[in-house]
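Chemist: For reference, the structure I am asking about is given below.
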Amino acid sequence: MKKSERSGAFDHIFATTVKEQIGKAGYGDWRTISAPDAVSLGYGFPYPESLPEDDLIEATETVLTDEDEQVLQYGGGSYTEQLETFLADRAHSRGIDCGTSNVLVTNGGTRAIDTICRAFLEPGDSMFVEGPTFMGAISVFRNHGVELTSIGVDADGLDIDALAETLRLREQQGRDSPKLLYTIPTFQNPTGVSLSMDRRKRLLELAEEYDFVIIEDDAYGDLRYTEHDLPPLKALDDTGRVVHIGTFSKTIAPGVRTGWIIATEEILAVLRKLSAGGTNTFTRSLVAHYCTSGKLAANIDAIRRAYGERKDRMQQSLETHMPPTAEWTEPTGGFFVWVTLPAQIDTEEMLVDAAENGVTYLPGSMFFPEDTGNNSLRLSFSYVSPDEIDRGIAALGQTVREWT
């Protein structure tokens, strides 16, 4: 293990800053506070050039002109309703049986998760998540006071055999089934893996058998970098047990804060009551214009190519620079690669040395509800340039060797 000559005071300040900032869903700018020269492979952000600023300016000018003052009133004008129609049609093209009555627009994907939790959960209820999973979702679930159980993930996504065995044992012990199971089946955050078709079908069978509802978070479903495509869980759902979540944070911009829920009319009737106050109708209007003008489809095509190049660059760089004791996932979409190191390495502790060597990442322990994942870490290829990816992975490889 590397023993730096840095002061104990620096250790304490850096570690405290990192813990505080990554605890805020991993979005704090802690690299500039404590490691200004390090390449940040922790940010799950779109790369800046992907943000369609000019197109959104044009959309804003158009809706203000066409709607006059109505777009700024409470109702939001005619463009607001176009978004639900667009989303329903788009879902239908992906195999989901969906009309506008099955779509609820929300202020982002995380707000969608919270709204679903408010409808289904009470303090003390049980729910299952993938382990690892999106740490922002873990925070939401904990806010609702539920008992969280994680089910492992492998190269084919959620371990369905482990899920089935856990459900069987709970039933045998007289314990209730979980009310909800949260999954990111396509290009998962943080591992990048996807749930295989056989496992998708089996998951739906288990939901029916053990009477739980599935939250399908499809935040990365549009960002595939190969021709092979898997249908959303909702497209395979004939029981209404899947509540599907989408977002424009990855395909337009995080700042538009626009997501949606697709579910049965019965479920949405409850969710609509809980989302009183609605969404930002002005943002909905400009997003609707942007989407219906064809600009969204063109942007998705462009960013798929750019992200695919970054993903390939990271995979090549890992092969070049990482020691043979390290393992990592090989995603075909999304933003992330998951790295597993020898069991004796604690990636939270190693982060201090990694930053000094020129790279930062998110420690794996942040992505589990339990105290585990200490020898793993998440890398994001989405925010940085290909050259920065090379520099960051070279620094990471150097650090891992020092700690092995």
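The values are calculated or read from the model by the stated rules, or taken from the named source; none is laboratory data. The structure presented is a predicted model; accordingly, all values stated were derived computationally and were not measured. Positions of Cβ are backbone-derived with ideal geometry, glycine not excepted, and every protein chain shown enters the neighbour counts. The area values use the complete protein model at the heavy-atom level, side chains included, leaving out ligands, DNA and RNA. Shrake-Rupley method; radii C 1.70, N 1.55, O 1.52, S 1.80 Å.
Chemist: For the chain, what does -39500 (n - 2.57) per DSSP helix run (n ≥ 4), summed and divided by total residues, give at 222 nm, in deg cm²/dmol to the nearest 500? Can you show the working numbers first?
Modeler: Numbers: 14 runs with 180 residues, N = 404.
Mean residue ellipticity, 222 nm, calculated: -14000 deg cm²/dmol.
Chemist: Too long at a 26 Å Cα-Cα cut-off: which of K201/K273; K201/K295; K179/K234; K250/K295; K179/K201? Write out the running numbers ahead of the final one.
Modeler: Numbers: K201/K273 31 Å; K201/K295 34 Å; K179/K234 18 Å; K250/K295 14 Å; K179/K201 19 Å.
The answer is K201/K273; K201/K295.
Chemist: Okay, moving on. Return the FRET efficiency for the residue pair A269, D312: r is the Cβ-Cβ distance, R0 is 41 Å, and the value is rounded to the nearest 0.05. If you can, show how the numbers build up before the last one.
Modeler: Values: r = 45 Å, r/R0 = 1.10.
That gives a FRET efficiency of 0.35.
Chemist: Then there's this: What GluC sites (Glu not before Pro) does region 142-237 have in DSSP loop regions with at most 11 other beta carbons within 10 Å? Display every interim value, and only then the final one.
Modeler: Numbers: sites: E147, E165, E171, E205, E208, E209, E216, E227; in loops: E227.
The qualifying sites are E227.
Chemist: With both partners inside the chain, how many of the DSSP beta bridges are antiparallel, as a percent to the nearest 5? Intermediate values should be presented prior to the final figure.
Modeler: Numbers: 20 of 39 bridges.
Roughly 50 percent of the beta bridges in the chain run antiparallel, per DSSP.
Chemist: Relative to the longest principal Cα axis of the chain, at what angle does helix 386-403 sit, 0 to 90 degrees, rounded to 10?
Modeler: That works out to roughly 50 degrees.
Chemist: Projecting each Cα onto the charge dipole of the chain (Lys/Arg +1, Asp/Glu -1 at the beta carbon, about the Cα centre), which of V39, T191, G294 comes out farthest on the positive side?
Modeler: V39
Chemist: Mind checking the angle between helix 347-357 and the chain's longest principal axis? C-alpha axes, 0 to 90 degrees, to the nearest 10.
Modeler: It works out to around 70 degrees.
Chemist: Loop-only GluC sites (Glu not before Pro) in region 46-120, please: DSSP not H, G, I, E or B, and at most 11 other Cβ atoms within 10 Å. Walk me through the intermediate numbers first.
Modeler: Numbers: sites: E49, E53, E58, E61, E67, E69, E81, E84; in loops: E69.
Sparse-neighbourhood loop GluC sites (Glu not before Pro): E69.
Chemist: Order W328, W260 by their accessible area, 1.4 angstrom probe, all chains in place, largest first.
Modeler: From most exposed to least exposed: W328, W260.
Chemist: For region 305-404, which GluC sites (Glu not before Pro) pass both filters: DSSP loop (anything but H, G, I, E, B) and at most 12 other C-beta atoms within 10 Å? Show your work: numbers first, answer last.
Modeler: Values: sites: E309, E319, E327, E348, E349, E356, E370, E388, E402; in loops: E370.
Answer in residue order: E370.
Chemist: State, to one decimal in nm, how far the label point of D154 lies from the label point of D54, with both points 7 Å from Cα in the Cβ direction.
Modeler: 4.9
Chemist: Over the chain, what percent of the accessible surface lies on carbon and sulfur atoms, probe 1.4 Å? All intermediate terms of the calculation are to be shown ahead of the outcome.
Modeler: Numbers: 7950 of 17130 Å².
For the chain, the apolar C and S fraction of the accessible surface comes to 46 percent.
Chemist: Additional query: Where does the longest stretch of the chain lie that holds no trypsin sites (Lys or Arg not before Pro) found in a DSSP loop with 15 or fewer other Cβ atoms within 10 Å? The partial results should precede the final answer.
Modeler: Details: sites that count: K2, K3, R6, K24, R175.
The segment 176-404 is the longest one with no such site.
Chemist: Let me ask something else. In Å², and per residue, what accessible area does region 91-178 have when probed at 1.4 Å with the other protein chains present? If you can, show how the numbers build up before the last one.
Modeler: Numbers: 3760 Å² over 88 residues.
I get 43 Å² per residue for region 91-178.
Chemist: Continuing with the same structure: By how many degrees, 0 to 90 and rounded to 10, does the Cα axis of helix 8-22 deviate from the longest principal axis of the chain?
Modeler: Taking Cα atoms only, the helix is inclined about 20 degrees.
Chemist: What is the calculated FRET efficiency for R118 to S93, with r their C-beta to C-beta distance and R₀ = 41 Å, to the nearest 0.05? Present the calculation step by step, with values, prior to reporting the outcome.
Modeler: Numbers: r = 30 Å, r/R0 = 0.73.
Calculated transfer efficiency: 0.85.
Chemist: For H144, H321, H92, give me the order by solvent-accessible area with a 1.4 Å probe, most accessible first, ignoring ligands, DNA and RNA.
Modeler: Values: H144 35, H321 60, H92 110 Å².
Listed by decreasing accessible area, they come as H92, H321, H144.
Chemist: Quick check for me: using +1 on Lys/Arg Cβ and -1 on Asp/Glu Cβ, what's the dipole size of the chain about its Cα centre, in debye to the nearest 20?
Modeler: The dipole of the chain has a size of about 420 debye.
Chemist: Round to the nearest 0.05 the FRET efficiency obtained for R170 and R142 when R0 = 25 Å and r is the Cβ-Cβ distance.
Modeler: Working: r = 21 Å, r/R0 = 0.82.
Efficiency, from the Cβ-Cβ distance: 0.75.
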